[in-house]
Number of protein chains: 2
Amino acid sequence: MGSSYSTSLAFALPNAPFCSLSTATHSLHKSNPRSLLNSNIKISQTHNSKPEKNISVSLKSSNMSLNCSKVEQVKTYDPLGIDPDLVQKLAYDALVWSSLHGLVAGDRNIQWSGKIPGVGMVHAPVALLPMSFPEHYWRQACELAPIFNELVDRVSLDGKFLQDALSRTKKVDDFTSRLLDIHSKMLEINKKEEIRLGLHRSDYMLDEQTKLLLQIELNTISSSFAGLGCLVSELHRFLLKHYGDKLGLNPARIPGNTAVIQFADALAKAWNEYNNPRAVVMVVVQTEERNMYDQHWLSSTLKEIYPFQLKTLAEIDAEGELLPDGTLTVGGQVIAVVYFRAGYAPTDYPSESEWRSRLMMEQSTAVKCPSIAYHLAGTKKIQQELAKPNVLERFLDNKEDIAKLRKCFAGLWSLDDSNIIQDAIERPELYVMKPQREGGGNNIYGDDVRETLLRLQKDGTEEDAAYILMQRIFPTVSPTFLMRDGICHQDRAISELGVYSAYLRNKENVIINENSGYLMRTKVASSNEGGVVAGFAVLDSIYLT
Amino acid sequence: MGSSYSTSLAFALPNAPFCSLSTATHSLHKSNPRSLLNSNIKISQTHNSKPEKNISVSLKSSNMSLNCSKVEQVKTYDPLGIDPDLVQKLAYDALVWSSLHGLVAGDRNIQWSGKIPGVGMVHAPVALLPMSFPEHYWRQACELAPIFNELVDRVSLDGKFLQDALSRTKKVDDFTSRLLDIHSKMLEINKKEEIRLGLHRSDYMLDEQTKLLLQIELNTISSSFAGLGCLVSELHRFLLKHYGDKLGLNPARIPGNTAVIQFADALAKAWNEYNNPRAVVMVVVQTEERNMYDQHWLSSTLKEIYPFQLKTLAEIDAEGELLPDGTLTVGGQVIAVVYFRAGYAPTDYPSESEWRSRLMMEQSTAVKCPSIAYHLAGTKKIQQELAKPNVLERFLDNKEDIAKLRKCFAGLWSLDDSNIIQDAIERPELYVMKPQREGGGNNIYGDDVRETLLRLQKDGTEEDAAYILMQRIFPTVSPTFLMRDGICHQDRAISELGVYSAYLRNKENVIINENSGYLMRTKVASSNEGGVVAGFAVLDSIYLT
């Protein structure tokens, strides 16, 4: 759930995006009273746009494709060319639209904003305008979605592969170890998941050096922002509808986004497969969640179709019961589908109660989204294993599909590859070290890569199994307008495209296998030892060029 | 803009409803951490429901109808009979729905919440369920709407009537005096308003004693809550759609409410009458407005049809220009329609700048909503003058229409009627003293009526002209669930029905004259000297019985 760029911890967790270490913008409210309305939107320019230093990339890797195929130049519009008065109007309208249409979050500065709906709301942080994105990369990312779905499903069925690939990680990472224990128990009792539901999001960046769309990670649990992401696409279409002529932009170039409807539909169809009209969908949530409105959009869309309930892991432990036939009941209510919006991070399991709860759900006949095997299939270590030569071939038959997947794989290595270790010590600016542990803000860059690798070599423990190495990606940095706390900032930013996908099958058939909309996340870029490091992120959409 | 019940100042201003003197509910957030979700909605019962003391009413008045026609008993559902678990579910869903659908306001506890959209939002205070209301009273109120529209239009054309009726008020009330000065200037230059637009809201209460629907006041300027009021009707329909079976309530019994669309449509049609494709609608707003989202709903609906801009009175003074042909421009932009959401209260005119602005707009050819004459026609003094015998007949021809209006008039008297003064001194509990000055919280009740009248008699000044006397209305007090700051309270409450109406005409024809939706406001009731006094108010809808 991290990326190859450092982000603050909160951003890297899929459900808690609206935190940033910076609080500078907030003080503006106090120190800078504005006269209101047409002049109350502050536009702050914190960086000047300047050409990025061109860094030559040449990684030696046995299994990394450096296919620098020629692609046409990305056509972008220039945000710096927009009349400041027009920016103010756009910003004001964006704030109003967001407030009226539920594009909101809990304000991190206000108590109870993560506990009680309707209290302490603030507009979600958003980009003022969609980010330019070349259409053929967009199509490529969409095409990959059903192939990744199929891959996750096949990998999930190979219990031995998951256990073996994660065996070294297990020794040094407690969280992965607990997940593997549950997985082992399921293997022991030969538990079969006949109805399998995946709601994934595969994240990509466009690498400026190689001109390739490269996968950052694949989220198989709690893929967030299906709700708010759709709204950002709508917001940008609304703005272009009214101001597109002045901006020279066409709203039809923003792809339609129905992620929330497709996810709700997949949950409803899974409920249907469970085939018990009295059973409900249960959404497993955190005890505090400032991104609750994203979840509420999905739940509310689902509510129009089927009943659901929200429960925390601790509540499920207290109220849940596993009947002899494997039926899960919570508070006396039969559960057809368990949809996890919690349980992906070690902090979600503060006591044994939460682990008991997770185990009980896994043992049940309820459809789990995700099952423990789907969850493990989305770990960084498995991502790295799948990038090894001839591994994809174990799971997929179609050679074209395999080639498509491989083309989007960045260089990924475990720390038992001594050639790579040596190269990373010599040229640390070309690598990112990622801990298996969930949560971003833990990625290691630049000289820290060298130092960490040297320390691990010296220690000679198995701690190296807790990390993978990833090729460092160099995306385009563009000037962008970002809206946060009612203020419009102009800053240099990089973007990450997430493509949602839904997969549902029963014993006989695949029922759903589709690309399900998208999310752009745009992040403030700061220079850092030969590359950029991403900070505060906003929700965005794409403008096809 | 007050009612016959005392409300806090903020509630009586049509645009600033979300303030209350009480801050008790907020401290609950801090003192009472809750475990979340299904248990995070606190239901507090601050009063027990008990039968109201039955007060016999017998007012002697030459022009007051005490027509106690028999009406069928109001059928109500009993909120106290609803299962507490169900109340919790309803409350949680209501909070989520409000947040996702823009049923929000600026939080009075958060800085900038009245200045910058999208910052410091909280769900609007709402009733959890619609208030029971007998269908035939509802139809009566709807039927009255076009008649009141016609009346206001006719009264506005009689400059001498307005000036004469308000001549004594002018001497003691500075605000009315300034409005009358502008009106006089328009009479002097024989200014004609050929295109006349009214967006009104007539407020009523059901009097339990007389079984009559009685008018509280008629708002001809800044009639608020057309936007949020529609959403409350939708919220209640949504809740009844999902829980109606359990509650024994049918969502179809909540009347449809399209106030915001009808108001936007009327503004657009007025724009059309002005017949200048380059001109825009201008919304005159206050410098700080926590009820901004109500206005944004109207503006946004209008935006889909025609361009508009928001300006404060001071901005209009600074940027406005009156061209020789009477065209009004603001910031170089020709204004077709001026829609006032400010300018109704003395505090809106802190300097001469705002008065210059108001005068300039009145002198222009722009369509004013309202014109100065429409504004004056909605004052309490005019309401009282119209209630005198044979006055309605000066303005309306249709006897049935006159009878319908008169039936909804409460007893209204000026303080030059010595019989009434004597009766009010003897039985003050049957009267309310209302100052002409705008803003509620200034109404006088009970023993204070006696004391004020005795003091005025003793002083012998003209200060008595600053007041009118109104029959005190005794509405039904019902147990109700009110939602505020994320908390659901159970309390005893009274309700006031507002019926919106739109009127548009040009030199030749009436283009629009219609009932335009409704708003129920439900207020916490406290006992006070033989009656009830209304406090904190929430937005509500109606359930026809």
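The values are calculated or read from the model by the stated rules, or taken from the named source; none is laboratory data. These numbers were taken from a predicted model, which means no experiment stands behind them. Glycine gets a Cβ as well: all are built from the backbone with ideal geometry, and neighbour counts include every protein chain shown. Areas reflect the complete protein model, heavy atoms only, side chains present, ligands, DNA and RNA absent. Shrake-Rupley method; radii C 1.70, N 1.55, O 1.52, S 1.80 Å.
In the stretch B:261-282, which residues are touching a Ser or Thr at 6+ places or on another chain (Cβ under 7 Å) and open to solvent by less than 40 Å² (accessible area, probe 1.4 Å)? Quick ask: steps written out before the conclusion?
Taking the stretch B:261-282 and keeping what is touching a Ser or Thr at 6+ places or on another chain (Cβ under 7 Å), we get B:261-264.
Listed by number, the residues that qualify are B:262, B:263, B:264.
Quick one: residue B:501 ticks every box in (1) among the polar types (S, T, N, Q); (2) open to solvent by 10 Å² or more (accessible area, probe 1.4 Å); (3) in contact with a strand residue (DSSP E or B) (Cβ under 6 Å, 6 or more places away or on another chain) except a single one, so which number is it? Among (1) among the polar types (S, T, N, Q); (2) open to solvent by 10 Å² or more (accessible area, probe 1.4 Å); (3) in contact with a strand residue (DSSP E or B) (Cβ under 6 Å, 6 or more places away or on another chain), residue B:501 violates only (2). Beta carbons closer than 7 Å, at least 6 apart along the sequence or on distinct chains, pair a first residue in the stretch A:407-420 that is in a loop (DSSP other than H, G, I, E, B) with a second that is of a type in the set (Val, Ile, Thr) for A:410/A:473; A:415/A:421. When the stretch A:308-320 is filtered for residues that are surrounded by fewer than 16 Cβ atoms within 10 Å (Cβ to Cβ) and either of a type in the set (D, E, K, R) or facing chain B (nearest Cβ under 9 Å) (or both), only A:319 remains. Would you mind stating whether residue B:525 is modelled with pLDDT under 95 and touching a Pro at 6+ places or on another chain (Cβ under 7 Å)? The answer is no for residue B:525. Within the stretch A:285-304, the residues that satisfy the criterion of being among the β-branched types (Val, Ile, Thr) and at the interface with chain B (Cβ under 8 Å from one of its Cβ atoms) are A:285, A:287.
State yes or no: is residue A:473 more than 14 Å from chain B (Cβ to nearest Cβ) and assigned to a loop (DSSP other than H, G, I, E, B)? Yes, satisfied.
Could we say that residue B:231 is among the hydrophobic types (A, V, I, L, M, F, W, C), in contact with a helix residue (DSSP H, G or I) (Cβ under 9 Å, 6 or more places away or on another chain), in contact (Cβ under 8 Å) with a residue 12 or more places away in the chain and over 23 Å from residue B:342 (Cα atoms) here? No; evaluated as a whole, the condition is false for this residue. Within the option set B:442, B:513, being open to solvent by 20 Å² or more (accessible area, probe 1.4 Å), part of a strand (DSSP E or B) and under 22 Å from residue B:383 (Cβ atoms) holds for one residue only, B:513.
Look at (1) under 25 Å from residue B:113 (Cβ atoms); (2) open to solvent by 30 Å² or more (accessible area, probe 1.4 Å); (3) out of contact with any strand residue (DSSP E or B) (no Cβ under 6 Å at 6 or more places or on another chain) and you find that residue B:290 fails only one, number (3). Hey, can you tell me all the residues within the stretch A:106-115 that are in contact with a strand residue (DSSP E or B) (Cβ under 7 Å, 6 or more places away or on another chain) and within 8 Å of chain B (Cβ to nearest Cβ)? The one that is in contact with a strand residue (DSSP E or B) (Cβ under 7 Å, 6 or more places away or on another chain) and within 8 Å of chain B (Cβ to nearest Cβ): A:107.
Consider the stretch A:213-232 and keep the residues that are within 24 Å of residue A:258 (Cβ to Cβ) and assigned to a strand (DSSP E or B). The one that is farthest from the chain's Cα centre (by Cα) is A:213. The selection criterion, being open to solvent by 10 Å² or more (accessible area, probe 1.4 Å), acidic (Asp, Glu) and in a strand (DSSP E or B), holds for residue A:491.
Just checking, does the stretch B:116-132 include any residue being farther than 19 Å from residue A:96 by Cα, in contact with a Cys (Cβ under 7 Å, 6 or more places away or on another chain) and more than 7 Å from chain A (Cβ to nearest Cβ)? Looking through the stretch B:116-132, at least one residue is farther than 19 Å from residue A:96 by Cα, in contact with a Cys (Cβ under 7 Å, 6 or more places away or on another chain) and more than 7 Å from chain A (Cβ to nearest Cβ).
Counting only helices (runs of 4 or more DSSP H) that sit completely within the stretch A:150-212, those holding 2 or more residues that are of a type in the set (Gly, Ala, Ser) correspond to A:159-165, A:174-188. Return yes when residue B:394 is open to solvent by 20 Å² or more (accessible area, probe 1.4 Å) and closer than 19 Å to residue B:209 by Cα and no when it is not. Here the answer is no, as residue B:394 does not meet what is asked.
Residue count for the stretch B:321-365 satisfying the condition of being within 14 Å of chain A (Cβ to nearest Cβ), more than 25 Å from the chain's Cα centre (by Cα) and surrounded by 21 or more Cβ atoms within 10 Å (Cβ to Cβ): 1.
Checking each residue in the stretch A:78-126 for being buried (at least 22 other Cβ atoms within 10 Å of the Cβ), over 17 Å from residue B:113 (Cα atoms) and among the small types (Gly, Ala, Ser) picks out only A:114.
Only one entry of B:156, B:177, B:167, B:184 meets the criterion of being modelled with pLDDT of 95 or more, within 21 Å of the chain's Cα centre (by Cα), open to solvent by 10 Å² or more (accessible area, probe 1.4 Å) and of a type outside the set (Lys, Arg), and that entry is B:156. Look at the stretch B:448-491 and say how many of its residues are modelled with pLDDT of 90 or more and among the acidic types (Asp, Glu). Residues flagged as modelled with pLDDT of 90 or more and among the acidic types (Asp, Glu) within the stretch B:448-491 amount to 4.
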